[in-house]
Amino acid sequence: MNKNEIVESLKDGLIVSCQAVPGEPHYMEGITVKFAECADWAGAAGLRVNSPEDIIAIKEKVNLPIVGIWKIDRNIKDVYLTPNLEAAKAVWEAGAEIIAVQATNHLRDDGKLSYETIKEIKENLPDALIFADIATAEDAKIAASYGADFVAPTLAGYTKAGHFNKVEIKDTPDFNLLRDIVDAVKGTMTKVIMEGKVSTPEIAVQCLYMGAHAVVVGNAITRPHITAKRFVRTLNRFHGE
């Protein structure tokens, strides 16, 4: 598929985040490939995959568009999500059709704001689609002006070194932020992808009604321990804990 065909193939669809990291109870060799095969079997429109190694492994088994990322120095640096052109090239060469990059008001190691990675990809990898992971509506506006094909509020609520910065853990999406992001990119070619706390099909549909081009779901599908924790947290609230 060419770039336009990939964008259209994702419309109103589900992008399943297929990730697992050491230390999680479900982490094992080959688990992300199995996640991807399950998503393909279910009819997902695309996948979100971390690291060149996982992208290569999944591409051998599943023929769906991949939003490729590479988390480098997470919990250590402000800009860690495909933080530079070299990381973007590795993701692209691994087979991802779409490169996800951090696009927030944080400085890279070279002193430039992370938005600059968008321009560098467009100049050096013109055939790649660019997925900007943003935190605010202002980030979305800037990313769109730099030429991002997609924006998603993946990093909303995160601060230095990727630590969650909300006193209360929310189990529902920030619909106000989604509205503001849709407004921020209105009149541009940039598509909004909703990512974050999309835990039910009904919520996914609501996001589409609000202007999202597609939705990304991770925790609710591929991280059963997080889904279980959400149930426990809700039941504990019932008991006033």
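We did not get these values from a lab; they are worked out from the coordinates using the rules stated. Please read all numbers here as calculations on a predicted model, not as lab measurements. Because the Cβ atoms are built from the backbone with ideal geometry, glycine has one as well, and the counts that use them run over all protein chains shown.
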> Which whole-number percent gives the relative contact order of the chain, counting Cα pairs below 8 Å spaced six or more residues apart?
Replying inline: 17
>> At a 10 angstrom cut-off on C-beta neighbours, averaged per residue, how do the peptides 127-139, 33-45 rank from highest to lowest?
In response: 127-139, 33-45
>> If the elastic network links every pair of Cα atoms under 10 Å, which of ALA144, ALA228, ALA88 fluctuates the most in the Gaussian network model of the chain?
In response: ALA228
> What ranking, highest mean first, results for peptides 174-184, 96-106, 2-12 when packing means the other Cβ atoms within 10 Å averaged over each residue?
Replying inline: 96-106, 174-184, 2-12
> Once amide H atoms are built 1.01 Å from N in the peptide plane, which residues 5 or more positions from ILE99, or in another chain, come under 5 Å H to H?
Replying inline: GLY68, LEU129, ILE130, PHE131
> By Kyte-Doolittle mean hydropathy of at least 1.0 and Cα axial length of at least 20 Å, which whole DSSP H helices of the chain are selected?
Replying inline: none
> Taking the simple approach of a point 7 Å from Cα along Cα-to-Cβ for both ASN63 and LEU235, what is their distance in nm?
Replying inline: 4.4
> What residues qualify as long-range amide H neighbours of LYS191, i.e. H under 5 Å apart, gap of 5 or more or another chain, H built at 1.01 Å from N?
Replying inline: PHE150, VAL151
>> I want the antiparallel fraction of DSSP beta bridges within the chain, as a percent rounded to 5.
In response: 10
> For the stretch 3-238, with only Lys/Arg (+1) and Asp/Glu (-1) charged at the beta-carbon, what is the dipole magnitude about the Cα centre, in debye rounded to 20?
Replying inline: 720
>> Going through the cross-link list LYS71/LYS229; LYS59/LYS141; LYS11/LYS61; LYS71/LYS191, which pairs have a Cα-Cα distance over 30 Å in this structure?
In response: LYS59/LYS141
